[in-house]
1. Within the range 222-245, how many residues turn out to be in contact (Cβ under 8 Å) with a residue 12 or more places away in the chain and more than 30 Å from V201 (Cα to Cα)?
2. Which one of V206, V201, V174 is aliphatic (A, V, I, L, M) and either farther than 19 Å from D22 by Cα or more than 14 Å from the chain's Cα centre (by Cα) (or both)?
3. Quick check on this structure: which one of E143, E110, E176, E161 is modelled with pLDDT under 95 and not hydroxyl-bearing (S, T, Y)?
4. Going through the range 34-47 one residue at a time, which ones are crowded, with 17+ Cβ neighbours inside 10 Å and either of a type in the set (F, W, Y) or farther than 22 Å from H88 by Cα (or both)?
5. Among the numbered conditions (1) among the acidic types (D, E); (2) buried (at least 18 other Cβ atoms within 10 Å of the Cβ); (3) not in a loop (DSSP other than H, G, I, E, B), tell me where D223 comes up short.
6. How do the pairs read when you match residues in the range 125-142 that are within 19 Å of G155 (Cβ to Cβ) and free of Cβ contacts under 8 Å to residues at least 24 places away in the same chain with residues anywhere that are surrounded by 16 or more Cβ atoms within 10 Å (Cβ to Cβ) and not polar (S, T, N, Q), using Cβ under 6 Å and keeping only pairs 6 or more apart or on different chains?
7. For the range 1-44: of the residues being small (G, A, S) and under 25 Å from G178 (Cβ atoms), which is farthest from the chain's Cα centre (by Cα)?
8. Of D52, D22, D58, D2, which residue is under 20 Å from V168 (Cβ atoms) and among the acidic types (D, E)?
Amino acid sequence: MDVEGWYEVADQVWFRRYDYGDENVGLIGSGAGLLVVDTRASEVHAEELIADIRRLSDEPIAGVINTHGHWDHAFGNAAFGDVPIWGHRSCPDFMATTAEAMRHRLMTTEPFNVMQAALRAVRITPPNRLVDVAEVISVGGREIRLHHPGRGHTGGDLVVEVPDCSVVFVGDLVKENGPPGYRDAYPLEWPQTMQHVIGLVDGPVVPGHGDLIDRSFVQSFTDQLDAVAQLIVAVMSEQLSPDQAAEQSPVHPRAFHQALGRLR
């Protein structure tokens, strides 16, 4: 059911797809509080998100979960005040070392010129509730499980599982609207990480970007990651040149070379 721009995936579990960045956010209700999955690209965007949440529900916001530390998922954190923010143990250090570079890159990239003021105003706010491998959150008696399945899109990806309705939020470990994002990735580890993710999937899957997906899409995406990893190994062992491998890659050559660059 679509309500006020929110798509209800299961009972009191919603996601909303925003035009800017084609980014998804999640919302998990309990009757006693809401958990927000990712906070968008700036505090300006997060304030829009909060207003959209209020049109859907008057439950208090009990906390935030960052699926990872990239700007389009965590730069809105400060707008949520002093609520708990869950993230992987490595996320604060990752944001400390990359956030300013991300901000600078975005502010000097032509398509984002309209965002310069919003980006300049962002107060970098890392998670304050840190997860190593797994943690269970209980809000209003509803159990939410957080999993770090391994290194993949970043070193600190979290999967958010709502076990009572078999919904998982996977962040950018899976993208529906384009190729894998390799800028901060671990290309040789990502396919194995996805085997753990697949083991959690038994229903709807909300990716970080794009439409709602299912287990078959997650498997297909994993197959692409595995093919890229095998081609990288072929390049590193000098069986193929980088350009030959890029031609055989299931992802765009630019994405392949970015993945290869991570190993160099």
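The values are calculated or read from the model by the stated rules, or taken from the named source; none is laboratory data. Source: prediction; values computed, not measured. For neighbour counting, all protein chains shown are included, and Cβ atoms are generated from backbone atoms with ideal geometry for every residue, glycine included.
1. Within the range 222-245, residues that are in contact (Cβ under 8 Å) with a residue 12 or more places away in the chain and more than 30 Å from V201 (Cα to Cα) number 4.
2. Going through V206, V201, V174 in turn, just one is aliphatic (A, V, I, L, M) and either farther than 19 Å from D22 by Cα or more than 14 Å from the chain's Cα centre (by Cα) (or both): V201.
3. Result: E110 is the single residue among E143, E110, E176, E161 that is modelled with pLDDT under 95 and not hydroxyl-bearing (S, T, Y).
4. Those that are crowded, with 17+ Cβ neighbours inside 10 Å and either of a type in the set (F, W, Y) or farther than 22 Å from H88 by Cα (or both): V44, H45.
5. (2)
6. Listed pairs, sorted by first residue: V133/H148; A134/H147.
7. The initial filter retains those residues of the range 1-44 that are small (G, A, S), namely 5, 10, 21, 26, 29-33, 41-42.
Imposing the further condition that a residue be under 25 Å from G178 (Cβ atoms) reduces the set to 5, 21, 26, 41-42.
Values: G5: 20, G21: 12, G26: 11, A41: 12, S42: 15 Å.
Per the stated criteria, the residue is G5.
8. Working: D52 fails: under 20 Å from V168 (Cβ atoms); D58 fails: under 20 Å from V168 (Cβ atoms); D2 fails: under 20 Å from V168 (Cβ atoms).
After ruling out the rest, the residue left standing is D22.
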